[in-house]
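Values quoted throughout were computed directly from the atomic coordinates according to the rules given, and no laboratory measurement underlies them. Keep in mind it's a predicted model, so treat the numbers as computed, not measured. Cβ: placed from backbone, ideal geometry, glycine included. Neighbour counts: every protein chain shown.
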Amino acid sequence: MNKKAVFILIFGLIVNFGMSQSYYFGLKGGPSIGYQKWETFNQSPLVSFHVSTFIESYSEDSPLNALFAQIGFHNRGSALRGAGGYSWDNVYYRLPTKNFVFSNLSLALGAKRKQELTNKLKSFYSFGLRGEYTLKTNLDLYTGANTAFSYYYYPDNNFVNKFTYGAQVGGGLEFLFSELIEGLFEITINPDLSNQYDQPEIGSVIDPYHPSNTITLERRRIKNTTVEVTFGLRFLRKIIYLD
């Protein structure tokens with residue numbers, strides 16, 4: 001099954017899931033911190049945001065177990081901070097922060113296990129799998145620099161994988177406001193299991209520091225890991241069957 005078929009299947013499950021039973025639905029979002037490792041070195045974190053809409057199963061017979069599905073917009077990536085150098089008169093200067101942003105549409109399915117703390121407060125932990133499609137990046141900002149260096153010093157859109165997949169693990173709290181409305185707080189860790197970026201080895205590239213020589217660029221593969229802090233509202237759509 002190809003990656004596009006997986007997205008269609010997940011979306012179909014979400015629609016069917018929401019029409020067959022009582023369920024919670026809502027909107028959630030918040031800040032996120034993105035991490036990436038570029039083969040031989042770690043990048044600095046990217047501070048950004050995410051927002052999602054979701055549905056979650058509800059059963060009076062098993063209120064502490066639930067399945068969930070969600071679709072949302074998530075910024076993944078990393079940053080380059082603290083880079084600097086020396087000018088021609090030996091004065092040190094610091095370069096501005098460079099952010100590398102991959103804006104992804106994410107579809108996720110998973111399960112939650114809850115525990116009642118009080119009659120108005122529950123804790124939970126969750127696990128899910130997600131598939132993502134990259135809507136856009138900001139890598140065009142670095143095309144000029146790559147041209148100046150005569151090789152792909154920064155990531156380039158030509159090597160971005162549009163489809164990626166990964167896991168989602170987290171936990172949090174649910175606050176009961178009324179019978180049909182709840183608040184939500186959660187923290188999730190979202191590691192990718194596939195490469196967001198895969199630049200093959202490139203040989204016979206002119207060395208920008210020694211133009212008479214050539215160098216070989218090593219393969220560069222990038223995976224995302226994102227920590228997301230989320231706040232949201234949940235609304236219960238309760239189906240009552242009459243004899």
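Rounded to the nearest 0.05, the FRET efficiency derived from the C-beta distance between Leu64 and Tyr133 at R0 = 25 Å is 0.15. Between Ser103 and Leu180, the C-beta separation translates, for a Förster distance of 30 Å, into a calculated FRET efficiency of about 0.35. Each label point was placed 7 Å from the Cα along the Cα-to-Cβ direction; for Glu116 and Thr53 their separation is 3.2 nm.
List, in the order given, every pair from Lys28/Lys238; Lys136/Lys223; Lys28/Lys120; Lys98/Lys136; Lys37/Lys122 whose Cα-Cα distance in the structure shown is over 24 Å.
Working: Lys28/Lys238 20 Å; Lys136/Lys223 16 Å; Lys28/Lys120 20 Å; Lys98/Lys136 17 Å; Lys37/Lys122 36 Å.
Beyond 24 Å between Cα atoms: Lys37/Lys122.
Site pair Lys238 and Asn213 shows an inter-label distance of 7.4 nm when each label is modelled 7 Å from Cα along Cα→Cβ. Annotation: extensible slack from Asn158 through Ser204 equals 14.7 nm (criterion: 0.36 nm per residue apart, minus Cα-Cα distance). Counting only residues at least eight positions apart within a chain, or on another chain, the aspartates and glutamates with an alpha carbon under 14 Å from that of Lys112 are Glu56, Glu174, Glu186.
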